[in-house]
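Heads up: the structure comes next, in structure tokens.
The values are calculated or read from the model by the stated rules, or taken from the named source; none is laboratory data. For clarity, every value in this text was computed on a predicted model and none was experimentally measured. Note: ideal-geometry Cβ built from the backbone for every residue, glycine included; neighbour counts use all protein chains shown. All accessible areas refer to the heavy atoms of the entire protein, side chains included, with ligands and DNA or RNA removed. Shrake-Rupley method; radii C 1.70, N 1.55, O 1.52, S 1.80 Å.
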Amino acid sequence: MKIIQYLTELPENKEDDPGSKKSTTCKTKLKNQDGQLFNVESHSDKQLRHFKFLSVSFMSQLLSSQSFVKKIVECEETEELQTLEQRLLEEVLHYINTVASSVEGNMDKPTAKFWRVLLNKSYDMLDKVNALLPTETFIPVIRGLLMNQLPSVRRKAMDLLNNKVQQRTRWQKSQILQLLELVPELIAIAQCKRKEEEEEQAINRQTALFSLKLLCRGFGTENPVPFVPVLKTAIDLISSEKEEKNVMGSALLCIAEVTSTLKAQAIPQLPRLMPALLKTLKNKKELVSNEIYLLSAVTALLKVAETLPHFLSPYLLDCLLQVVRLERIMVEFGPSSQISLRVTSLKTILATRLAPRILLPAVTKCYSEVANTRKNCLGPLMNILKEHIVGMEKEHLISHQSELTAFFMKALDFRTEHGQDDLEEVGKTEAYIIDCLISMVMKLSEASFRPLFFKLFDWSKTESTLKDRLLTFHRIADCIADKLKGLFTLFAGHLVKPFAETLNQVNISKTDEAFFDSENSTEKSCLLLQFTMDCLHKLFLFDTQKFLSKERAETLMMPLVDQLENTLGGDEKFQERVTAHLIPCIAQFSVAMADDSLWKPLNYHILLKMRHTSSKVRFAALLALVEVAQKLKENYLVLLPESIPFLAELMEDECEEVEQQCQKTIQQLEVILGEPLQSYF
């Protein structure tokens with residue numbers, strides 16, 4: 001200790017030495033025959049640095065030398081020795097502080113490296129002193145250091161404690177009780193009862209909260225009582241308006257740890273904890289600017305939800321509102337970031353750990369709150385509900401089916417309520433709602449699904465003004481057909497006539513009236529056609545029950561073939577609709593017809609379109625003809641004789657594109673039928 005005191009009194013550099021006055025005022029009684037241990041005047045700057053370095057290295061080696069450690073082991077741990085050990089630790093920490101300030105002061109000077117090496121050497125010495133202390137002594141010594149006047153000494157004491165707690169796995173009962181006695185001291189530091197430099201204070205408070213978190217993780221399960229005040233203190237910190245963000249982040253992580261450890265004993269704190277926690281999540285600007293703070297807040301909410309899901313109901317609506325908002329923030333961090341993973345876990349806990357009677361009313365309320373103000377939050381909300389429905393037990397689903405149906409009837413009006421909004425955005429949101437509805441449909445029996453489907457069918461016809469519900473219903477039908485495949489034919493009989501009517505009403509070659517009463521009527525009509533054709537295509541594709549009787553086929557044939565001349569939406573839209581939606585639908589229609597006597601009229605109606613005044617329509621008819629032949633294969637041979645004259649006309653068409661396509665069509669037919677056709681022309 002005297003060596004350290006002497007080193008502390010030596011000047012930092014030779015120039016700082018105020019001459020011989022210094023040597024006479026040295027209080028330390030370490031002197032040689034000349035009355036001085038190290039004469040600064042008669043030595044160079046380099047020698048002064050060398051002397052300091054050697055002194056610290058000497059102490060470090062001495063404290064870890066076998067002979068010295070042996071003496072310590074043999075010596076009884078008296079109170080006097082304990083006091084000496086604490087004083088030595090204090091001196092070392094004090095000296096580290098002195099060297100650290102020299103490191104800062106000489107950062108830009110050539111000696112910077114020396115000071116960094118000396119600081120490392122001093123830390124090495126601290127570790128050696130620490131290693132000498134038996135655990136019984138270590139804890140009271142740390143306790144003494146926590147009362148020290150210097151903030152840096154207190155911080156280092158907490159660091160030593162944290163390292164010890166993290167490294168050791170086995171503790172005796174008496175040692176644990178001693179450690180738990182430190183909790184009130186650490187709480188006092190976290191609450192900042194002392195006046196200090198702000199920056200020092202904030203770092204010390206964070207370190208104290210980290211120590212409390214580690215102690216709770218290590219010993220809280222067996223000894224929960226001392227940690228109830230820790231939770232109360234952390235809640236006080238996050239409730240405060242003026243609190244420093246990094247301290248709040250540490251307090252939030254402390255809450256996460258303590259709540260998951262205390263479990264039921266944390267319940268009395270929830271009425272204070274939850275509002276404060278949800279309030280921290282509301283301030284979006286602060287969250288986005290400070291990623292660690294955001295992560296801490298999400299972690300705290302996740303741990304509380306994980307530990308006490310059945311006590312969340314009073315705060316559930318607010319939880320849902322914050323979680324669906326967080327999903328938006330997640331986009332900025334990427335799907336594999338810690339924040340995204342934790343928000344996903346949080347959504348899963350809300351979706352799977354709560355009873356339907358608690359979650360469903362909260363989802364309905366949450367939907368009402370965000371449907372108009374924050375539409376982009378609806379996707380995450382629907383995903384939570386979908387996950388909940390997928391995990392629902394059968395009897396729960398049956399008892400809550402009417403409540404869920406009422407919710408979907410309300411949510412599916414989203415398109416109608418946002419008729420003037422951007423169609424693509426509305427479509428994205430509607431897709432989430434329909435996807436969620438389908439997850440319920442897939443769990444219902446035929447007996448439960450049938451009334452629901454017809455309820456939706458009637459619902460789509462009731463709102464006469466905007467007809468937006470019709471668009472939504474056709475989209476639902478398309479999605480259900482995709483999921484139920486062949487089973488959908490059991491319910492689709494009632495759709496044939498309405499679908500045929502829709503195809504005619506949205507065909508501008510048959511009517512001049514706009515189908516939708518809104519500015520974006522054309523875009524909506526194009527979408528409606530697309531959903532209708534796609535749904536019919538799936539019906540024909542998965543049909544194994546001869547669903548397309550003669551009567552149904554006749555109902556649909558003309559409305560479908562007439563779509564070849566429906567140029568709604570302009571040339572580009574027309575071409576895209578014909579190739580991607582209409583022609584696959586007509587081709588599949590020819591395969592699905594139960595009565596092959598209907599092939600002839602179908603083929604003839606397509607051929608008639610080849611005489612249309614528009615070259616675009618003639619071109620489309622050629623494409624349709626090839627697709628039908630492709631599906632019917634050699635069966636098309638019987639239809640060939642009546643097709644030849646029409647093809648011959650197009651071989652000399654005034655439009656070059658049509659003429660080239662006709663040549664191509666004849667070549668494709670030769671490949672499909674395996675016969676040369678050139679002799680017919």
Rounded accessible area of TRP459 (nearest 10 Å², 1.4 Å probe): 20
Selection from LEU484, ILE438, ILE292, by position along the positive dipole direction of the chain (Cβ): ILE292
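So for GLU425, GLU12, what's the accessible-area order with a 1.4 Å probe, most first?
Details: GLU425 95, GLU12 60 Å².
Largest accessible area first, the residues go GLU425, GLU12.
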Scattering profile of the chain at q = 0.06 Å⁻¹ [log10 I(q)/I(0), Debye over alpha-carbon scatterers]: -0.60
Spacing of the two label points (7 Å from each Cα toward its C-beta) at SER289 and LYS428, in nm: 2.7
Accessible surface of the chain, 1.4 Å probe, proportion on carbon and sulfur as whole %: 52
Crossing angle, helix 151-167 versus the chain [Cα axis fit, 0-90 degrees, rounded to tens]: 60
Solvent-accessible area per residue, Å², over the chain with all protein chains present [probe radius 1.4 Å]: 48
For the range 560-626, with +1 on Lys and Arg beta carbons and -1 on Asp and Glu, the positive-most of ILE583, LEU564, LEU607 along the dipole: LEU607
Dipole moment magnitude, nearest 20 debye, the range 239-354 about Cα centre, only Lys, Arg, Asp, Glu C-beta charged: 220
Principal-axis tilt of helix 446-462 within the chain, Cα atoms, nearest 10 degrees: 80
Surrounding net charge for SER64, when Lys and Arg each add one and Asp and Glu each subtract one, Cβ distance under 10 Å: -1
Cα-based Rg / Dmax (Å) for the range 603-667: 10.9, 31
Nearest-ten-degree value, helix 291-307 long axis tilted from longest Cα axis of the chain: 80
Net +/- balance of residues flanking LYS128 in space, Cβ distance below 14 Å, scoring K and R +1, D and E -1: -3
Normalised contact order of the chain, rounded percent, pairs of Cα under 8 Å and 6 or more residues apart: 6
Hits among lysines - C-alpha to C-alpha of LYS164 under 27 Å, sequence gap 8 or more where chains match: LYS70, LYS71, LYS121, LYS128, LYS156, LYS173, LYS193, LYS213, LYS232, LYS263, LYS303
Amide H contacts of LYS510 (H built 1.01 Å from N, under 5 Å, at least 5 apart or other chain): none
Global form of the range 446-591, assessed from the alpha-carbon gyration tensor, a/c cut-off 1.5: oblate
Where labels lie 7 Å past Cα in the beta-carbon direction, separation of GLU519 and ASP562 in nm: 3.1
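By the gyration tensor of its Cα atoms, with a ≥ b ≥ c the square roots of the eigenvalues, what is the shape of the range 524-681: rounded for a/c under 1.5, prolate for a/b over b/c, or oblate?
Since a/c reaches 1.5 but b/c is at least a/b, the shape of the range 524-681 is classed as oblate.
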Neighbourhood charge, 12 Å Cβ-Cβ cut-off, centred on THR207 and excluding it, Lys, Arg +1 and Asp, Glu -1: +3
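Pairs to check: LYS485/LYS631; LYS538/LYS633; LYS455/LYS485; LYS428/LYS631; LYS455/LYS538. Give those whose C-alpha atoms are more than 24 Å from each other in this structure. Intermediate values should be presented prior to the final figure.
Working: LYS485/LYS631 20 Å; LYS538/LYS633 21 Å; LYS455/LYS485 21 Å; LYS428/LYS631 34 Å; LYS455/LYS538 22 Å.
As for pairs spanning more than 24 Å Cα to Cα, those are LYS428/LYS631.
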Rg over Rh [alpha-carbon atoms, Kirkwood Rh] for the range 324-478: 0.97
From phi via Karplus (6.51, -1.76, 1.60), per-residue ³J(HN,Hα) for the range 493-507 in Hz, x at Gly/Pro: x, 6, 8, 4, 5, x, 5, 4, 4, 4, 4, 6, 5, 9, 9
Within the chain: Cβ-based charge dipole about Cα centre, in debye rounded to nearest 20 (Lys, Arg +1; Asp, Glu -1): 3260
The range 239-354: mean projected area of Cα convex hull, nm²: 6.6
Selected from LEU354, LEU253, ILE329, residue furthest toward positive end of dipole (the range 239-354; charges at beta carbon): LEU354
Whole-Å distance, taken between Cα centres, linking the range 198-263 and the range 481-514: 62
The range 93-159: C-alpha gyration tensor shape, a/c 1.5 cut-off, then a/b vs b/c: oblate
